[in-house]
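Asker: Can you keep this structure in mind? I'll have questions shortly.
The values are calculated or read from the model by the stated rules, or taken from the named source; none is laboratory data. Computed from a predicted model, the values in this text were never measured in an experiment. Here Cβ is always computed from backbone atoms with ideal geometry, including for glycine, and neighbour counts include all displayed protein chains. Note: areas computed on protein heavy atoms with side chains; ligands, DNA, RNA excluded. Shrake-Rupley method; radii C 1.70, N 1.55, O 1.52, S 1.80 Å.
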Amino acid sequence: MGPIIPTLVQQEKLEGDFRFKHMQVRVNAESAAFYRAGRVEQMRTDRILQELLRTQGRLVTRELRLYIGVNIFNYLGSIVSYLAIAIPIFAGRYDGLAPADLIELVSKNAFVSIYLINCFSRLIDLSTTVSELAGYTHRIGELQEAIGRLSASRGRRGASTLEDLPPSHESGLDSEEEEEGEMDGQGQSDHTAFILERVSFTAPWSEELLVKNLTLKITSGQSLLIIGNTGTGKTTLLRVLNGLREITQGSLRMATCFGPRGILFLPQKPYFTDGTLREQVIYPLKEIYPLSGSADDKRILHFLEATGLGPLLKRTGGLDERVGWNWYDVLSPGEMQQLTFARLFYHQPEFAVLDEATSALTEETEAELYHICTHLGMTVVSVGHRSSLEKYHDSVLHLLGDGKWELSAVQHHT
Ligand SMILES: Nc1ncnc2c1ncn2[C@@H]1O[C@H](COP(=O)(O)OP(=O)(O)O)[C@@H](O)[C@H]1O
Ligand SMILES: [Mg+2]
């Protein structure tokens, strides 16, 4: 059994890798085609497949040995019963018996010993099942350990998601008004999203500090622009804010929750699921309303128009038209960013964290989108390169590399 378990573990791992490679090819088919990379991708996929097949072959050989062992044992078991009775008979112990009695004695004995051996060999048969079980258990154990490590480090954060919110938060203008009252009581004017005190962090797989001793408070009404050269850790800072990465020093507190009326992160790579246009806009909320909730529809249509996606709406033929297409293939990068903004406006969170969210748009569209953000009362934390972005923010955090940073206020000339 010993050699089977690690081989099975490796086999499972390679099978996972192979499927992942397949998925990668499917998702990036167009980009690969532009590079004419079919041959390379096939070679790489083949290499992974060959390694998987080699491991599978090794596993089959090892299992075969175990099977042969088990079957020989079963087979020999029945012979042993006759050998056992033959010894006393040939030694002359039963010489006095008549042939008929002798036959009875032999068959009785054979029955008892075959039964005994059968029970025992059933135990041996279990070895194949047990070794497979041990292999799977090992893989699942590894997964559980990894999850355990993650949730231990996440535990003190108490991360919540949009999905955990009660249905009353799930959009609609009505619920907004109800909540306004509660918010007033807490003094909405200086809500705080994040408090960072002497925070330092590194890039993944690296010892060098990207940012050192960063002290920062992000409050509502005070929008922040994060700039810096490529690779200085802008996106990593957002990961830290989101709790996706550990900090090495200092303290970080997130004082507002995720979701509408809270904080929404728009990642650098737009994210879409399969489904209707409505499902893209309300993501990550699930469809819970009857499909044509009038107030909701009006808002979604309004925001699609406002972000310049009117033509897209015509193409899909409606909010709830079942389109079987892959959203990444049918939208241009700019349209993806516009759709992401439509999503942001629909959720209308108090804080919006945008990672290069307008990089593929013209400056006019950018101005229009930031104008709507202000109009909807959102405080934005943006990451971006363009100098045109500065005028939509109150302060600028410049990441200078090697852990250095600079925080300055923006002078508005109006
Ligand atoms: N998943 C990752 N694994 C290893 N290194 C990473 C990963 N993500 C980012 N890095 C590295 O961390 C540094 C900062 O990355 P990032 O915060 O994405 O930069 P940017 O300021 O351009 O957004 C870069 O040197 C990048 O190569
Ligand atoms: Mg980035």
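Asker: So which residues in the range 333-352 are touching a strand residue (DSSP E or B) at 6+ places or on another chain (Cβ under 8 Å) and either acidic (D, E) or more than 16 Å from F272 (Cα to Cα) (or both)?
Answerer: P349, E350, F351, A352
Asker: Given the criterion farther than 29 Å from H375 by Cα, among the acidic types (D, E) and more than 10 Å from ligand 1 (Cβ to nearest atom), identify the matching residue among E197, E279. Talk me through it step by step, then tell me what you get.
Answerer: Values: E279 fails: farther than 29 Å from H375 by Cα.
Exactly one residue qualifies, and that residue is E197.
Asker: Looking only at the range 358-409, which residues are more than 16 Å from ligand 1 (Cβ to nearest atom), of a type in the set (A, V, I, L, M, F, W, C) and in a strand (DSSP E or B)?
Answerer: Those that are more than 16 Å from ligand 1 (Cβ to nearest atom), of a type in the set (A, V, I, L, M, F, W, C) and in a strand (DSSP E or B): V380, L407, A409.
Asker: Kindly provide the set of residues from the range 220-232 that are touching an Asp or Glu at 6+ places or on another chain (Cβ under 9 Å), polar (S, T, N, Q) and surrounded by fewer than 19 Cβ atoms within 10 Å (Cβ to Cβ), ordered by number.
Answerer: S220, Q222
Asker: For the range 66-88, name all the residues that are over 29 Å from V130 (Cβ atoms) and open to solvent by less than 40 Å² (accessible area, probe 1.4 Å).
Answerer: Correct list: I85, A86, P88.
Asker: Quick one: which of E177, E182, E170, E163 is open to solvent by 70 Å² or more (accessible area, probe 1.4 Å), in contact with a Leu (Cβ under 9 Å, 6 or more places away or on another chain) and modelled with pLDDT under 50?
Answerer: Numbers: E177 fails: in contact with a Leu (Cβ under 9 Å, 6 or more places away or on another chain); E182 fails: in contact with a Leu (Cβ under 9 Å, 6 or more places away or on another chain); E170 fails: open to solvent by 70 Å² or more (accessible area, probe 1.4 Å).
Selected residue: E163, the only one of E177, E182, E170, E163 that is open to solvent by 70 Å² or more (accessible area, probe 1.4 Å), in contact with a Leu (Cβ under 9 Å, 6 or more places away or on another chain) and modelled with pLDDT under 50.
Asker: Considering each residue of the range 371-395, count those that are over 29 Å from the mean Cα position of the chain (by Cα) and open to solvent by 10 Å² or more (accessible area, probe 1.4 Å), and give that number.
Answerer: Qualifying residue count, the range 371-395: 14.
Asker: Sticking with this structure for a sec: Can you name the condition, by its number, that L301 falls short on among (1) open to solvent by less than 30 Å² (accessible area, probe 1.4 Å); (2) more than 16 Å from ligand 2 (Cβ to nearest atom)?
Answerer: Every condition holds for L301 apart from (1).
Asker: So is P284 at negative phi and either within 16 Å of ligand 1 (Cβ to nearest atom) or without any contact (Cβ under 8 Å) to a residue 40 or more places away in the chain (or both) or not? Explain how you work it out, then say what you get.
Answerer: Details: at negative phi: yes; either within 16 Å of ligand 1 (Cβ to nearest atom) or without any contact (Cβ under 8 Å) to a residue 40 or more places away in the chain (or both): no.
In short, no.
Asker: Is it the case that some residue within the range 296-304 is in the same structural domain as A367 (by TED's automatic domain parsing), modelled with pLDDT under 90 and under 27 Å from F194 (Cα atoms)?
Answerer: no
Asker: Also, I was wondering about something else. I'm told E197 meets every condition in (1) farther than 26 Å from S359 by Cβ; (2) free of Cβ contacts under 8 Å to residues at least 40 places away in the same chain; (3) not hydrophobic (A, V, I, L, M, F, W, C) except one. Can you identify the failing condition by its number?
Answerer: (2)
Asker: Anything in the range 317-335 that is within 15 Å of Y283 (Cβ to Cβ) and open to solvent by less than 20 Å² (accessible area, probe 1.4 Å)? List them, or say none.
Answerer: L319, W327, L331
Asker: Here's a check for you: in the range 233-257, which residue that is more than 16 Å from ligand 1 (Cβ to nearest atom) and open to solvent by 40 Å² or more (accessible area, probe 1.4 Å) is farthest from V380 (Cα to Cα)?
Answerer: Ranking the qualifying residues of the range 233-257, first place goes to Q249.
Asker: Another one. Provide a single number: the residues in the range 339-365 that are within 27 Å of G231 (Cβ to Cβ), more than 16 Å from ligand 2 (Cβ to nearest atom) and either modelled with pLDDT of 95 or more or crowded, with 20+ Cβ neighbours inside 10 Å (or both).
Answerer: Going through the range 339-365 one residue at a time, the tally reaches 5.
Asker: When both residues are 6+ apart or on different chains and their Cβ atoms are under 8 Å apart, which pairs have a first residue that lies in the range 228-239 and is not assigned by TED's automatic domain parsing to the domain that holds L400, and a second that is of a type in the set (S, T, Y) and near ligand 1 (Cβ under 6 Å from one of its atoms)?
Answerer: Going by the 8 Å Cβ cut-off, there are no qualifying pairs.
Asker: Could you grab me the full set of residues in the range 231-275 that are under 18 Å from the mean Cα position of the chain (by Cα), more than 19 Å from Q338 (Cα to Cα), assigned to a loop (DSSP other than H, G, I, E, B) and within 16 Å of ligand 2 (Cβ to nearest atom)?
Answerer: Those that are under 18 Å from the mean Cα position of the chain (by Cα), more than 19 Å from Q338 (Cα to Cα), assigned to a loop (DSSP other than H, G, I, E, B) and within 16 Å of ligand 2 (Cβ to nearest atom): L244, R245.
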